[in-house]
Each structure stands twice: as C-alpha cells, then as structure tokens.
Amino acid sequence: MIGVAVAVAVVVGTWLWARQPDYATLFANLSEQDGGQIVTILQQQNIPYRITDGGGAIQIPATQVHEIRLRLAAQGLPKGGLVGFEVMENQKLGASQFQEQVNYQRALEGELARTISTISAVRGARVHLAIPKQSAFLRDEQKPSASVLLNLQPGRTLDGTQLAGVVHLVSSSVPDLNPVNVSVVDQDGNLLSQSPAGQQSGLDSSQIKFVRELESGYIKRIEAILTPVVGRGNFKAQVAADVDFSQSDQVAETYRPNPSPDTAIRSQQTNESGSVLPPAMGVPGALSNQPPAPATAPIVTPAPGTGAPGALANTATSPAATPQNYTRNATTNYEVDKTIKHTRTVPGSLRRLSVAVVINQKQEPGKPKPVPLSANEMQQFNDLIKEAVGYDKTRGDSINVANAAFTATKDELPQMPFWQDPWLLGTARDAGRYIAALIVAYLVWTRLLRPLFRKLAELPRHSSKEEMALDTMTGSHGTASFDAKISHARALAKENPQAVANVIKEWVGGNESR
C-alpha cells in the first residue's frame with residue numbers, strides 16, 4: 001500500500017508539473033506603491049502571480065498577460081511613480097503661493113511624462129521643467145526650458161518625426177517655451193533632440209530628411225532604367241544632392257532712356273497770353289472817330305498842358321492806340337519708364353547633383369571570366385543616367401559611370417537555425433513536459449505497480465489439493481508459481497518415473513483408506 005501511494009503521488013506530481021503554465025512578466029521596474037496595488041488586485045481576482053527582480057517585477061501566466069494589462073490600465077495602473085494633476089485635489093488650506101507653484105510644476109511634469117510614455121517605442125519618461133520666476137523688468141526676463149529623459153524599449157528608436165512630436169508636445173504645454181530649448185536624452189545619455197549631422201551642417205531633421213528623400217528618389221530613377229538592362233544586383237548607384245535651403249527676397253528697379261516712341265504722357269499744361277486794344281478816348285464827334293493824322297516832328301514842342309482848349313487840343317495831345325503783346329507757355333510731363341521686380345527664392349532648390357554608378361561586367365556564355373563593357377555601351381549607360389536624373393551642365397552636375405567586376409557577396413541575412421526558433425523552443429518545452437510525465441508514469445507502472453500486482457496475484461492457495469500434491473512431489477514450499485511447479489513435476493517424471501509412481505500409489509492408497 002505504501003508503494004501504491006508513492007506511485008500515485010509521483011504520477012500526480014509529474015502531471016501537475018507538466019500542466020504548470022509558463023509565467024511572463026506583467027510589469028517591470030515598478031515602484032512599491034504600484035506593485036502593492038497590482039498585487040492586491042491579483043489576489044482579489046484569484047490570479048496566480050510571482051514576484052521577481054527583488055520586488056520590481058510581477059509575473060503571471062503568459063496566457064493572461066494581455067488581458068490583465070488591459071484591466072489594470074482601465075484602473076490607471078501602473079502610475080509609474082509619477083504624480084499628475086491629482087496632486088492639486090489634496091491642497092491644504094493655507095498653503096503658500098510657493099507650495100502651489102511647486103505642486104503645479106510637479107503635476108505638469110508628471111502629466112507630460114505619462115503622455116510621452118504612451119508612445120509605443122517609449123517604456124518610460126521623465127520630464128524636468130525649468131520655469132523662471134516672472135519679472136516686471138524686460139531686461140531680467142528669462143525663458144523657460146525643459147529636459148526629457150526617455151527610456152526606450154529594447155531595440156526601438158525614435159525617428160525624426162516622432163522626436164519632433166515629443167519636442168513640440170513639451171513646448172506647447174509650457175507658456176513661452178521655445179522648441180529649441182527642449183533637450184531630449186535617451187537612457188544611454190545620447191542627445192536625441194539634434195542629430196550630429198544637423199549640428200555640423202546647421203540643418204534640422206526635416207531638412208536632412210528632405211535631402212535623403214531627394215537622393216533616394218534619384219537612385220530609384222536610376223534603378224528603374226538600369227534594372228531591365230543589366231538585371232537587379234548588377235549595378236550600384238549613389239547620389240549626392242547639394243540643396244540650398246536659404247531664403248531671400250530681392251527687389252529691383254530698372255529705368256530705360258526717355259523718350260521712346262511709345263512713351264505715355266502723364267500730364268500736359270498750356271499757358272496763352274495776347275494783346276488787347278485800349279478803349280476809345282476823347283470827346284465823341286467826327287474828329288475823334290477819324291484816324292489820326294500822320295505824325296510830324298514839330299520844330300518847337302509845346303509844353304505839356306499848353307494850347308487852346310477844345311477838340312483840337314484833345315486830338316493833338318491824345319496818344320496813338322497801339323496793341324499790347326501776350327505770351328503762350330506749354331508744359332508736357334511724360335510717364336517715367338520704371339520696372340520693379342520682386343524675386344523670392346524658394347528653400348530647397350537643387351544647386352548641384354553628383355551621381356556615381358558602377359556596373360558589373362557582363363558574363364558571356366563560354367567564357368569563365370566576365371567581360372568588360374564596350375565604350376559604346378558605357379556611353380549609352382552614361383546618356384541614360386543623364387536623362388534619368390535630369391543632368392544640367394550649367395548647374396555643375398557631375399556623373400561618373402564605371403565598369404568593374406563585382407565580388408560575390410551575400411546580402412541576405414543568415415537564417416536562424418531551426419533549433420533557435422522561439423516558437424519551436426516553446427513547443428518543444430511543452431511537449432517535453434508531457435513526455436517526461438508519460439515516461440515517469442510508465443516507469444512507475446512497469447517497475448513498481450505491475451510487479452506488485454503480480455506478486456499479489458501469485459500468493460499461495462493452500463486449499464488447492466493439486467498445489468499441495470505438487471509441493472509434496474517437487475519438495476517446494478509454496479514459493480514458486482503453479483506453472484513453475486507443473487514444469488518441475490514434468491521434469492521430475494522424466495528423470496525419475498519410479499519416484500513419481502510411488503507418490504501416485506501413496507495418493508491412491510490414501511484416498512482408499514479415506
């Protein structure tokens with residue numbers, strides 16, 4: 001019975017071990033507050049868990065990880081040890097303005113860190129804001145700044161667009177915060193807010209991305225025109241684009257000589273003057289209406305005012321009627337010939353293009369080594385590439401096409417051995433558990449239970465006369481099985497039939513006496 005109990009315990013323990021689920025990490029790097037709340041919820045929901053990493057990580061069955069994460073996220077767990085605007089709900093009566101400002105800054109930093117942590121590539125984030133005290137003097141005014149520490153997921157990085165999104169998210173959440181004053185650092189201490197290429201050339205990430213996309217576009221044009229001719233993998237192309245990102249405005253005024261035949265009159269002014277006859281003078285009468293007599297030079301000029309009064313006197317002394325002359329002035333103003341030209345250069349214009357293409361030598365049938373391309377073929381490829389990239393000699397573009405034998409290389413990544421496949425390893429581990437359980441059950445049955453049951457079935461039965469007779473004949477004491485006793489009796493009858501006959505006689509005599 002002890003053996004049966006041990007066997008049953010071994011089989012049941014092995015089966016439970018085989019059915020034990022795989023544990024996976026639910027959350028790691030937890031604070032004590034978040035870890036305690038999560039453990040309490042797991043206990044309430046009767047979910048098995050294990051605490052590892054010195055209490056910083058919690059593991060649960062792998063099949064329930066995603067479901068439990070969603071349930072905990074609905075309850076706002078884990079909080080990541082950060083405080084948000086909920087800290088403003090517990091304001092104490094009589095708190096100073098400094099304490100309120102500190103709590104507000106803590107809340108703002110926590111909310112920004114929580115928002116940034118929702119990015120798929122970010123495991124955790126910390127935000128530090130440097131907000132200077134407001135001053136009434138413009139000379140002493142300082143701008144705020146921010147520092148962001150990102151704990152990225154293993155093997156994940158942030159591209160330029162995602163990084164710019166983080167920078168603008170922080171700068172838009174703080175008043176008067178310029179995106180230039182936001183520094184982003186990863187967990188290894190690498191500065192992410194400005195790439196080394198941008199520091200050297202003075203370009204931002206968007207401009208560098210534009211140049212890379214422009215060069216990639218030219219390379220795709222070259223590939224599209226050479227692939228049908230020489231085949232994929234038989235050429236390599238690289239393009240370097242010199243892009244001008246400067247922006248300028250220019251205003252030019254041009255004057256042409258005047259006048260020209262089609263010159264327009266702007267304004268014209270005419271002034272005219274003439275002579276007017278004086279009005280008639282003297283006594284009306286015949287003498288006054290007649291024309292004056294011819295002028296004669298008198299010998300003695302009488303003094304003014306002398307002479308006899310009367311008509312004759314008035315006629316002799318009246319001056320001759322002479323017309324008064326007038327002048328005419330004309331002024332003409334012509335329109336000034338002027339040309340005003342506004343020129344604005346668009347940033348991102350291509351200043352120079354450099355193209356380098358190397359083509360593999362061709363392999364002709366029947367020849368063991370590749371053959372170089374002819375001069376005519378090289379000229380054709382050169383012309384095709386020029387047309388594909390839009391070659392402009394005045395811009396200073398350069399194109400270099402070379403022909404060389406390629407070295408055999410394997411661009412494909414080495415395939416993972418099948419024994420390192422995670423899915424295969426997991427399946428083999430689960431199958432190994434069940435196989436081990438079956439092996440243990442088999443060994444328990446064959447080495448413990450079956451021999452035990454066989455011995456119990458072969459216990460001596462003293463009520464059987466045949467077995468007692470066999471015992472008497474063979475001289476055994478019940479320790480052997482019935483089949484063994486029969487075999488021993490047959491062998492004894494062959495070797496010593498006289499002894500067997502005497503035994504039978506005793507049986508017959510005994511029965512007769514009875």
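The values are calculated or read from the model by the stated rules, or taken from the named source; none is laboratory data. If you're wondering where the values come from, they're calculated on a predicted model, not measured in any experiment. Backbone-built Cβ (ideal geometry, glycine too); neighbour counts: all protein chains shown. Note: accessible area is taken over every heavy atom of the protein model, side chains too, but ligands, DNA and RNA are not part of it. Shrake-Rupley method; radii C 1.70, N 1.55, O 1.52, S 1.80 Å.
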Residue check, LEU456 modelled with pLDDT under 75 and either in a helix (DSSP H, G or I) or not polar (S, T, N, Q) (or both): yes
Residue within the range 126-146 that is touching a Leu at 6+ places or on another chain (Cβ under 8 Å) and polar (S, T, N, Q) present: yes
Flag if GLN363 is under 30 Å from GLY217 (Cβ atoms), of a type in the set (S, T, N, Q) and open to solvent by 70 Å² or more (accessible area, probe 1.4 Å): no
Unmet criterion (only one of (1) within 22 Å of VAL166 (Cβ to Cβ); (2) open to solvent by 40 Å² or more (accessible area, probe 1.4 Å); (3) modelled with pLDDT under 75; (4) of a type outside the set (Gly, Ala, Ser)) for ASN90: (1)
Candidates THR306, THR296, THR317, filtered to the one that is modelled with pLDDT under 80 and either open to solvent by less than 70 Å² (accessible area, probe 1.4 Å) or touching a Pro at 6+ places or on another chain (Cβ under 9 Å) (or both): THR317
Total residues in the range 343-359, condition on the phi > 0 side of the Ramachandran plot and of a type in the set (D, E, K, R): 0
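For every residue, the table says whether it meets (1) exposed (fewer than 14 other Cβ atoms within 10 Å of the Cβ); (2) modelled with pLDDT under 85.
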site	(1), (2)
ALA7	no, yes
VAL11	no, yes
TYR23	no, yes
LEU42	no, no
TYR49	no, no
GLN59	no, no
ALA73	yes, yes
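Residue by residue, here is whether (1) modelled with pLDDT under 85; (2) open to solvent by less than 90 Å² (accessible area, probe 1.4 Å); (3) of a type in the set (Lys, Arg) holds:
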| residue | (1), (2), (3) |
| --- | --- |
| LEU112 | no, yes, no |
| THR115 | no, yes, no |
| ILE119 | no, yes, no |
| ARG123 | yes, no, yes |
| LEU129 | no, yes, no |
| SER135 | yes, yes, no |
| GLN142 | yes, no, no |
Flag for VAL251 being assigned to a strand (DSSP E or B), surrounded by 13 or more Cβ atoms within 10 Å (Cβ to Cβ), modelled with pLDDT under 90 and not aromatic (Phe, Trp, Tyr): no
Checklist (1) open to solvent by 30 Å² or more (accessible area, probe 1.4 Å); (2) modelled with pLDDT of 90 or more; (3) over 17 Å from the mean Cα position of the chain (by Cα) applied to VAL185, failing item: (3)
